[in-house]
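Have a look at the structure below, then the notes.
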Ligand SMILES: C[S@@+](CC[C@H](N)C(=O)[O-])C[C@H]1O[C@@H](n2cnc3c(N)ncnc32)[C@H](O)[C@@H]1O
């Protein structure tokens, strides 16, 4: 695999197996889940009780929980990550809360080789994870498993002071936003770029692209 951030999937897996508990705590402090839920709620998505949603690189499941908080309908939320420890935390938290939208299915795996058939999902979310992969490889896998016209909610770390600190702490590589847009164009129509309000801590390091599978 091309050297990228930590270089190999085993490196990322090992890192997040070690820091999953701290990561969960840090994400609780910064209001990330509420910010993402609010954004998802604002979208006009055609999801229903038959929809399947994938949170690829789910970590401790914050974005899956934000999706559930948003009240959007689904039959199933599949949460995939390399880190078994992160998945265990996500599964525990999901089991403790009353699920509002469909079933939660944790899957240990690599988003560069998603263990799903083509056109399986009605929505994919990739948040803070393509920083560990080459852009085209990650985006093409997301496109492969999405149905035509279905959305990819892509939440990259943006070039910024806070982003640079995170880049060192978490050993990843920030992709310039222009490069993300350019790479995404091959598989997706660009449907929007949401900038979080500056009062939301997540705004200091992340932005959201809404993309639609071609
Ligand atoms: C910064 S965390 C983001 C977690 C979550 N998406 C969020 O927004 O809170 C990055 C996650 O990506 C996972 N990851 C890194 N490379 C991956 C890959 N190739 N396949 C699946 N997961 C990966 C790590 O294990 C880690 O849990």
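Every number here is computed from the coordinates shown, using simple stated rules; none is lab data. Since the structure is predicted, the reported quantities are computational estimates derived from the model, not experimental observations. Quick reminder, even Gly has a Cβ in these numbers, built from the backbone with ideal geometry, and neighbours come from all protein chains shown.
Quick notes
- Pairwise label distance in nanometres, residue 195 with residue 11, each label 7 Å out on the Cα-Cβ vector: 3.3
- Net length available on complete extension from residue 76 to residue 204 is 43.0 nm, with 0.36 nm assigned per residue and the Cα-Cα distance removed.
- For region 179-214, backbone nitrogen atoms closer than 19 Å to the point 7 Å from residue 46 Cα along Cα-to-C-beta are found at 188-192, 210-214.
- Shape call, region 94-169: gyration tensor on alpha carbons, a/c limit 1.5: oblate
- Fully extending the segment from residue 164 to residue 212, taken as 0.36 nm per residue of separation minus the present Cα-Cα distance, adds 14.4 nm.
- Where labels lie 7 Å past Cα in the beta-carbon direction, separation of residue 171 and residue 103 in nm: 3.6
- Net length gained if the chain between residue 181 and residue 118 were fully extended (0.36 nm per residue, minus Cα distance): 20.4 nm
- The per residue volume of the convex hull around the alpha-carbon atoms of region 12-129 is 94 Å³.
- Shape class of region 9-213 from the alpha-carbon gyration tensor: rounded, with the ratio a/c of largest to smallest axis under 1.5.
- Taking every DSSP beta bridge that has both ends in region 9-213, the antiparallel portion is near 35%.
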